[in-house]
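Everything on this sheet refers to the single structure shown next.
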Amino acid sequence: KFTHLADYQPPAYLVDRVALDVDIRDGVTTVTSSLSLRRNPAAADSTTMTFNGEGLTLRTLALDDVVLNSARYQYEDNLLTVRGLPDTCTLTSVVDIDPENNTALEGLYQSNGMVCTQCEAEGFRRITFFPDRPDVLARFTTTVRADKARYPLLLSNGNPVASGDEKSHGEEGARHWVTWEDPFPKPCYLFALVAGDLACLEDTFVTVSGRKVALRLYAEHRDLDKLDHAMASLKNAMRWDEQTYGREYDLDIYMIVAVSHFNMGAMENKGLNIFNTSCVLAHPATTTDAGFQRVESVVAHEYFHNWSGNRVTCRDWFQLSLKEGFTVFRDQEFSADMHSAAVKRVEDVDFLVNHQFPEDQGPMAHAVRPEKYQKIDNFYTLTIYEKGAEIVRMQYHLLGAENFRKATDHYFETNDGKAVTCDDFVASMETVSGYDLSQFKCWYSQAGTPILTVTDEYRDGQYHLRFRQHTPATPGQEQKQPLVIPIRLALLDEQGAPCALDAGGNGAAEGEQVVIMDQAEQTVSFNVPAGVTPSLLRGFSAPVVLDYDYSVDQLARLLAYDSDGYCRWNAAQRLYFAALDRLVTETDEADAEAAALVPVLEQVIARSDEDPAQAALLLSLPGEVALGDRHKPLNPASIHRAHSAMKKALGKALQSHWLSLSENLLATELSMDGRAMGRRQLRNLALDFLAAGEHPEAGRIAVELFELPLCMSEELGALRALVHHGLPGADQALMQFADRWQDEALVMDQWFAVQASVPGAHTVDQVNRLLEHPAFDWKTPNRVRALVGTFTNANPSAFHAENGQGYQLFSAALSRLDAINPQVAARLANGASRLPVLEPGRKALLAEHLAGVQKTASDNVAEVLGRILSS
Ligand code: ZN
């Protein structure tokens with residue numbers, strides 16, 4: 001059942017060329033494939049080769065044009081085994097598939113009348129027989145045939161080389177075909193095909209060497225006005241990759257197709273990206289500011305894969321982070337360059353610590369390069385993506401910008417056209433820098449979040465910082481090694497000014513030092529006056545939990561004076577967490593806790609005009625999920641009580657500020673620049689606090705904004721305030737909103753999500769009602785995520801309702817979804833990962849429900865639930 005990294009074997013045969021013919025008809029699609037096979041000189045001697053194939057109806061199989069005798073092959077357990085192959089040969093197969101009834105959305109499937117593909121990780125085997133593994137790179141030629149009226153557009157990877165009308169059934173012109181040729185060898189997970197009737201936004205990009213590239217963005221006709229932002233983002237990304245990494249685009253055409261039914265965010269198929277509509281469509285009237293930023297970063301991410309993923313790909317799926325971690329790092333840096341780098345870093349760290357850390361500390365914990373898996377789909381995780389990006393970021397800082405660029409040049413040049421491993425990536429870093437990164441590589445193999453404990457003392461006229469690291473055991477990995485932890489630090493004196501430090505050659509900026517920790521315990525001494533405040537892990541220089549016993553005064557000093565955006569934000573979070581923790585465990589004096597925070601928060605508010613987005617981040621209270629993770633055993637109801645008491649108390653204590661921010665930040669004209677977005681973010685936050693504090697003006701402000709919004713961020717911010725705080729007019733607004741936007745699927749997703757995230761146990765009933773709403777659809781992953789996903793992952797007080805009704809809803813939804821789409825169901829199943837830390841009553845209830853689901857679960861869901869239930 002498990003696939004193990006240690007079992008890797010090269011394939012017995014390589015595929016040099018593939019000729020595909022995909023004949024799309026009502027009721028059946030017929031795929032004819034000719035594979036030019038060649039014995040792999042790097043593999044053990046064998047004349048037998050296996051090809052993956054799932055759910056294929058085999059019509060004929062021929063070797064070098066001779067139909068194969070059934071004794072020579074066998075198709076069993078999703079594997080086609082062919083024996084007695086010569087050194088070079090052509091294997092031709094004809095199979096039937098059924099895209100119309102493909103609800104798993106892997107392989108070839110239908111979405112709103114168009115036909116499209118998703119092949120990563122193992123979807124190609126649902127289209128035709130093939131060695132479906134990333135280390136088999138082949139040149140593809142693809143002919144697509146379909147009805148001309150329904151599918152005027154026929155797309156695949158590469159360049160169109162021929163096309164024509166079919167003369168079938170005497171009806172000349174009713175059907176047509178197009179042949180595409182991709183000159184670059186690629187693994188089959190990068191194959192793509194689209195057939196449909198789509199609108200196109202076209203532009204051109206001239207590469208640095210002067211080549212003209214046609215950029216074509218496709219969507220349903222009604223969405224043509226939502227493609228401009230993706231186009232601008234794409235052009236920015238293309239230029240940025242030339243300037244930052246020296247990487248130029250390599251085909252004459254770059255296409256993106258927007259699809260309504262999609263399991264993930266987007267897919268980097270060579271020359272033909274396929275995107276979830278939610279990651280490519282954007283218009284101020286229908287898309288929030290966060291949505292705009294997401295589109296920009298996903299468009300860039302998939303574009304960057306053309307080099308980090310496509311030109312240089314993965315040897316096997318254990319190396320997934322080779323392309324994903326690196327590409328996330330690249331897209332993070334791109335967004336940082338396009339906007340405010342400080343804000344972007346805080347957003348990324350916020351996401352990592354609140355989502356990847358819990359994964360790394362729970363039942364699904366796994367290494368960035370895992371050792372085994374059952375379903376690779378379950379390993380497209382925050383650990384592979386986000387922690388993987390942090391590991392690349394640490395190497396960037398260890399080497400410095402200049403050497404890192406030399407290393408990536410070396411990596412791309414030496415590995416172009418190859419399928420390689422994470423070791424090859426690190427080897428390039430070592431080669432150009434001369435560093436020995438052997439111990440550093442532990443980051444790839446060791447799961448779990450390290451805890452960095454820091455203590456300090458002033459002794460003999462010196463300041464001593466003592467660092468200790470410890471990584472708690474994770475499932476299947478008891479023993480942990482000390483990691484290489486780069487600790488960027490500064491020391492602030494009592495006035496908040498940085499002390500002069502000996503930079504010491506590790507790429508530290510002025511007033512900073514980088515301590516490279518590589519033992520379990522290390523002490524570093526500084527010649528500085530007494531009374532300093534350590535500013536630690538600046539820029540979040542390593543993905544670790546920092547354990548240092550900051551005093552309130554020290555945190556206030558960091559928040560007020562530190563020049564590092566991450567450390568300021570972290571100080572604010574620590575102040576909030578300390579107060580919230582006391583409300584969970586010791587006191588119910590929320591007003592007193594809030595009053596103590598007022599002076600520091602007032603300072604942040606006073607400076608909020610400097611950078612409204614950063615102020616919004618600094619003022620944001622940690623969520624209930626993050627707070628809950630600090631209290632074991634977990635009782636989500638008491639977490640919710642403490643959290644809402646705190647929010648209400650802060651709402652009251654700072655109400656005049658919230659009121660003026662809510663009113664004064666109102667824009668009169670729509671702008672989509674970073675500052676305008678930051679102001680909207682801060683205003684929405686202020687409105688939320690104002691309503692939490694039960695201010696009599698909150699309802700009026702929200703309704704006014706809701707009636708005449710300039711953009712979706714305003715409209716949704718107002719709706720959220722009304723609905724989450726149960727203000728008068730909330731029901732009316734929900735009805736109006738649904739009325740306004742019933743034809744805009746992505747906006748309706750927000751409508752479902754707003755309601756699913758209303759805190760409190762009563763929301764279970766509302767979600768149950770919404771599951772019956774005519775606009776709810778089990779077959780649309782975005783809709784299921786908006787309702788069930790939001791409920792499960794972003795609303796702990798409802799999901800964990802004491803009576804178990806949230807679990808009942810969840811488990812029924814999980815089983816129902818699993819029957820049609822195991823991949824998305826398995827993601828949803830991760831929502832139960834707090835099981836091991838729940839208080840006994842809820843734990844027993846949830847476990848019982850999960851065990852029920854497990855009885856009929858798909859392999860995907862069974863792997864996730866198995867890990868949760870056995871932890
Ligand atoms: Zn990716």
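Hey, quick one: spin label on Glu589, modelled 7 Å out along Cα-Cβ, who in the stretch 527-562 has an amide N within reach, i.e. under 18 Å?
Zone members listed by number: 552-553.
Along the Cα-to-C-beta direction of Gln495, a point sits 7 Å from the Cα; which residues of the stretch 530-566 have their amide N less than 17 Å from that point?
Label zone hits: 530-533, 557-558, 560-563.
Quick one: helix 840-854 against the long Cα principal axis of the chain, what's the angle to the nearest 10°, folded into 0 to 90?
10 degrees
Amide H neighbours of Leu501 under 5 Å, at least 5 residues apart or on other chains, H built in the peptide plane: list them.
For Leu501, whose amide H was placed from the backbone, the distant partners under 5 Å are Gly511, Glu512.
Tabulate in residue order the Karplus-calculated ³J(HN,Hα) for the stretch 311-320, using 6.51 cos²θ - 1.76 cosθ + 1.60 with θ = phi - 60°, rounded to whole Hz; enter x for Gly and Pro.
Calculated HN-Hα couplings, in order: 5, 10, 10, 9, 5, 8, 6, 5, 8, 3 Hz.
Return the long-range amide H neighbours of Met517 (sequence gap of 5 or more, or a different chain), with a cut-off of under 5 Å between placed amide H atoms.
So Met517 has HN proximity to Ile485, Ile487.
Under 5 Å between amide H atoms, partner at least 5 residues away or on a different chain: which partners does Tyr13 have, H built in plane at 1.01 Å?
When sequence neighbours closer than 5 places are left aside, the close amide H contacts are Asn40.
Which distance in nm do the two modelled labels at Glu694 and Asp228 give, with both placed 7 Å along the Cα-to-Cβ direction?
4.6 nm
In degrees, nearest 10, range 0 to 90: what is the angle between the Cα axis of helix 565-585 and the longest Cα principal axis of the chain?
On a 0 to 90 degree scale, this one is about 70.
Please compute the contact order of the chain in relative form: average sequence separation of alpha-carbon pairs under 8 Å and at least six residues apart, divided by the residue count, as a percent.
Computed over the chain, the figure is 8 percent.
Between Ala503 and Arg17, 0.36 nm times their residue separation minus their Cα-Cα distance comes to what?
Additional length available on full extension: 169.5 nm.
Any chance you could run the full-extension gain for Ala62 through Asp460? It's 0.36 nm times the residue separation minus the Cα-Cα distance, nm to one decimal.
Gain on stretching Ala62 to Asp460: 134.9 nm.
Along Cα→Cβ, 7 Å out, is where each label goes; now give me the distance between the ones at His221 and Asp87 in nm to one decimal.
5.7 nm
Pick out, in residue order, every one of the trypsin sites (Lys or Arg not before Pro) in the stretch 576-643 that is DSSP loop and has at most 15 other C-beta atoms within 10 Å; say none if there are none.
Taking the stretch 576-643 and a limit of 15 other Cβ atoms within 10 Å, the loop trypsin sites (Lys or Arg not before Pro) found are Arg607, Arg630.
When the dipole is taken about the Cα centre of the stretch 58-114, and only Lys, Arg (+1) and Asp, Glu (-1) are charged at their Cβ, what size is it in debye, to the nearest 20?
160 debye
Any chance you could check the Cα centroid distance between the stretch 450-505 and the stretch 825-855 for me, in angstrom?
Their Cα centres are 37 Å away from one another.
Mean separation of Cα pairs under 8 Å and 6+ residues apart, divided by the residue count of the stretch 376-437: what relative contact order is that in percent?
33 percent
If one computes the Cα centroid of the stretch 211-268 and of the stretch 33-97, what distance in Å separates the two points?
What the calculation gives is 36 Å, centre to centre.
Mind giving me the FRET efficiency for Ser551 and Ser656? R0 is 35 Å, r the Cβ-Cβ distance, nearest 0.05 is fine.
FRET efficiency, Ser551 to Ser656: 0.75.
Please state the relative contact order of the stretch 804-871 as a whole percent: Cα pairs under 8 Å, 6+ residues apart?
41 percent
Would you please state which residues of the stretch 142-164 a label at Arg25 would reach in this model, taking the label point 7 Å out along Cα→Cβ and a backbone N cut-off of under 15 Å?
145-148
With θ set to phi - 60°, apply the Karplus curve 6.51 cos²θ - 1.76 cosθ + 1.60 along the stretch 556-561 and write out the HN-Hα couplings as whole Hz, x wherever there is a Gly or Pro.
Using θ = phi - 60°, the values come out as 4, 5, 4, 4, 7, 10 Hz.
What lysines could a cross-link reach from Lys235, if we take a straight Cα to Cα line under 22 Å and drop same-chain neighbours fewer than 8 places away?
Output for Lys235: Lys212, Lys226, Lys270, Lys323, Lys344.
In whole Å, how far is the Cα centre of the stretch 780-797 from that of the stretch 515-591?
For the stretch 780-797 versus the stretch 515-591, the Cα centre distance is 33 Å.
Along the stretch 663-680, what does the Karplus equation 6.51 cos²θ - 1.76 cosθ + 1.60 (θ = phi - 60°) give for ³J(HN,Hα), rounded to whole Hz, x for Gly and Pro?
For the stretch 663-680, the Karplus-derived couplings read 8, 6, 7, 4, 8, 9, 9, 6, 9, 10, 7, x, 5, 5, 5, x, 5, 5 Hz, x marking Gly and Pro.
What angle do you read, to the nearest 10 degrees and between 0 and 90, between the alpha-carbon axis of helix 745-756 and the longest principal axis of the chain?
Long axis of 745-756 versus the principal axis of the chain: about 40 degrees.
Please give the calculated 222 nm ellipticity per residue for the chain, where each DSSP H segment of at least 4 residues contributes -39500 (n - 2.57) and the sum is spread over every residue; nearest 500 deg cm²/dmol?
So the helix-based figure for the chain works out to -12000 deg cm²/dmol.
At 7 Å along Cα-to-Cβ for each site, give me the label-to-label distance between Asp98 and Val206 in nm.
5.3 nm
No value in this document is a laboratory result; all are computed from the given coordinates. Just so we're clear, the structure is a prediction, and the values are computed from it rather than from any experiment. Virtual Cβ from ideal backbone geometry, glycine too; neighbours counted across all protein chains shown.
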